[in-house]
Structure formats: structure tokens, C-alpha cells
Amino acid sequence: MKKELLLKYFAGKTSEEEEKQIMDWVEASSENYQLYLQERKYWNALLVNSNLKKISLQEKPKRTVNLWMFSTAAAAIALLFVLMQWLRPVSIPDEKWQTIWVPAGQRAQITLDDGTTVWLNSRSRLSFPTSFVANKRVVKLNGEGFFEVQKDSEHPFIVETNKYNIEVLGTSFNVLAYQDHEIFETSLINGLVQVSPLQHNMQSITLNPRERVIESSGKLQVTQIDNYEHFRWREGLICLDDERFENLINKFSLYFDIRIQIENPKLLDYRCTGKFRQNDGIDYALKVLQSEMKFTYTRNNELNEIVIR
């Protein structure tokens, strides 16, 4: 693999074909993978020191994105799968966009051009401009993200999801919106947010601090936030507070990207309280639950499936 192509990839200038070529090369051997991580480390160091002139690229990036992965053991694996690419929206032709994807079982933290900090949960994808140049700061989320938005009254911050848009001026809030799951939830920690459906015949909802809006049967319902432990997923924790076993299994399926079937209906309404670390994996979590509940399970890696009996 030519070093120039790797540097071009780190700068976000490669085509889809070139990105595939790099990923195929990285996955071909552990030696290639280690070389990739080493070159990426050098690139990040150059960005920190603002010494981009030493890199022989035709065009240097206008803005850098700071990316940290939680846990040293998971960082190397997660970094391999972080995808960055430039997009050109029709409505804002002068903006260059990047996309970050977080693989199953990992988390990521980034700082956007305006100083807004975003934490991304497992299997989440965030698209954002390298530099906010329009009158609105727009990002696109598929998954779960926790946002600490820098206040700017002249440039509202908008999170677009597949069903709803969340608009703020400066606040902290959590959004859960995976496109491949029938889940939408926005929780407000402080500030003020407005949740607007993409369907114009539905009414927008404004949240106050400690309020959460959840979609249920196609309608939005507002409830109070009683426990902030749920937002500790940023630390790699899955926190439960008297939660139904079925809901917990749905979270496991979502975060670990594995299909889970429950064939014992007696387990569905069992209530769970406790904490699990995502880094420990789903097998460890299920074995802990087995100490409190009577069930067995089998795992089929080829089908990427777990059956609980």
C-alpha cells in the first residue's frame, strides 16, 4: 500500500473505490493493520502540531476532527472501522461533509467545528460539515448520540434523524434514533430543545430540562427523567433500573449487533437492575443474568444469533 494513498485517506480525499482498496488491504493481514495504525498515529500527531506542510498532498484539509475512542483495548479495533468521507449536499454546495461510523461494542467522542462535543454509541453514524458555513448548524444522526452544544443564538443547532429533527440553541441532550430499530427517544439534560416530526401534519414538542420524549405507536409522549444513569453509556456502561428483561435484551441486540430470540415467555417481564460494561461482551452479561434467572442460551456465530430458553 502506497503511503501517499493512506495520507490521502486520512485527509478525507479518497474515493469510495480507494477506501475499499485500503480496507481490503488492512484486513488482509495483522502486519497491514499494525502499519495502518502506525501511520494513523503519525498523522494525528501532525494534526495536533499543525505541521501539515510536511505531508505531500495536493490539497490539505481545512479543518481537523478530534476523535477519541473509549478504552485502550478497544481503541485500535474501533479506529479501523471509523469511516470518514466527504459529501456535498445540494442545498449547501460549499460545505464539505464527513461521516463517522462507530462499530458494535464501541463508542466515540468528537468535537465539531463550532466546539460542540458529541459522544456516539455503538453502531451509530454521524454526518457533519467540516466547517459550519450556513445560517444553521446541521448534523445527521443514525444511532445514539449525546450532544453538548455550544450556544450560538444566530446559528441554531439541528440534529436530523430519519423521523424527527431536534433543534437547539445551546444545551445538553441525548438522542436515540436507530433507523433499523423502531426506537426514537430524546432526553433533555439542560437547556431547551424542540422535536419536530418530518411529517408536517404532526405537532412539534418542546422539552424542558429533565424531560424525555418517546415515540410510542406513532405518537410522541413526554415523560420525566428519573435516573441519569442511563446516559452513562458514554463511559461504556449499560445501566439498568428495574428494567424489563425484554427491553434489556433489545439493548443487547442493538449495541452488540446480534439477533436475540427469547423462547421462554416467562422471562419477558422479569425486572433487571444493575450495570454491565459493553467491553465485557454479551456472553459475560448473559452469564451474570443467569445467576439471578433460570435460563439457558445457545449462540450461533455463523447466523449471528443467540437463542434464550
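Within the stretch 203-246, track down each residue that is basic (Lys, Arg), assigned to a strand (DSSP E or B) and touching a residue at least 24 places away in the same chain (Cβ under 8 Å).
212, 244
Could you list, in sequence order, all residues of the stretch 270-300 that are over 29 Å from the mean Cα position of the chain (by Cα), open to solvent by 50 Å² or more (accessible area, probe 1.4 Å) and either over 26 Å from residue 231 (Cα atoms) or polar (S, T, N, Q) (or both)?
Passing the criteria: 290, 291, 294, 296.
Looking for whichever is among the aliphatic types (A, V, I, L, M) and open to solvent by 60 Å² or more (accessible area, probe 1.4 Å) here; the options are 303, 254, 267, 240. Which one fits?
After applying the criteria, what remains is 303.
Restricted to the stretch 193-204, and to residues that are surrounded by fewer than 18 Cβ atoms within 10 Å (Cβ to Cβ) and aliphatic (A, V, I, L, M), which residue is nearest to the chain's Cα centre (by Cα)?
198
Identify, from the list 111, 116, the residue that is polar (S, T, N, Q), in contact (Cβ under 8 Å) with a residue 24 or more places away in the chain and open to solvent by 20 Å² or more (accessible area, probe 1.4 Å).
Among 111, 116, only 111 is polar (S, T, N, Q), in contact (Cβ under 8 Å) with a residue 24 or more places away in the chain and open to solvent by 20 Å² or more (accessible area, probe 1.4 Å).
For a quick check of your reading of the model, give me the residue pairs whose first member lies in the stretch 170-192 and is open to solvent by 10 Å² or more (accessible area, probe 1.4 Å), whose second is of a type in the set (Phe, Trp, Tyr) and part of a loop (DSSP other than H, G, I, E, B), with beta-carbon atoms closer than 8 Å and at least 6 apart or on different chains.
176/184
In the stretch 241-257, is there at least one residue being on the phi > 0 side of the Ramachandran plot and charged (D, E, K, R)?
Within the stretch 241-257, one or more residues are on the phi > 0 side of the Ramachandran plot and charged (D, E, K, R).
Quickly run through the stretch 213-228 and pick out the residues that are surrounded by fewer than 13 Cβ atoms within 10 Å (Cβ to Cβ) and of a type in the set (Asp, Glu).
The answer is 226, and nothing else.
Within the set of pairs 6+ apart or on separate chains, which have a first residue in the stretch 288-306 that is more than 21 Å from residue 267 (Cα to Cα), a second that is in a strand (DSSP E or B), and C-beta atoms under 7 Å apart?
Between residues of the stretch 288-306 that are more than 21 Å from residue 267 (Cα to Cα) and residues that are in a strand (DSSP E or B), the close pairs are 304/259.
For residue 199, indicate whether it is without any contact (Cβ under 8 Å) to a residue 60 or more places away in the chain and farther than 19 Å from residue 120 by Cα.
Criteria met by residue 199.
Restricting attention to the stretch 133-153, which residues are in a loop (DSSP other than H, G, I, E, B) and closer than 21 Å to residue 208 by Cα? Spell out the reasoning first.
Step one: list which residues in the stretch 133-153 are in a loop (DSSP other than H, G, I, E, B), which gives 133-136, 149-153.
Correct list: 149, 150, 151, 152, 153.
Restricting the stretch 1-25 to residues that are at pLDDT 75 or above and within 19 Å of residue 100 (Cα to Cα), which is surrounded by the fewest Cβ atoms within 10 Å (Cβ to Cβ)?
So the residue we want is 17.
Within the group 151, 136, 163, 140, which residue is open to solvent by 10 Å² or more (accessible area, probe 1.4 Å), closer than 30 Å to residue 258 by Cβ and without any contact (Cβ under 8 Å) to a residue 24 or more places away in the chain?
None of the other options fit; the residue is 140.
The values are calculated or read from the model by the stated rules, or taken from the named source; none is laboratory data. Here the structure is a predicted model, which is why all the values come from computation and not from measurement. Cβ: placed from backbone, ideal geometry, glycine included. Neighbour counts: every protein chain shown. Accessible surface areas use protein heavy atoms only, side chains included; no ligands, DNA or RNA. Shrake-Rupley method; radii C 1.70, N 1.55, O 1.52, S 1.80 Å.
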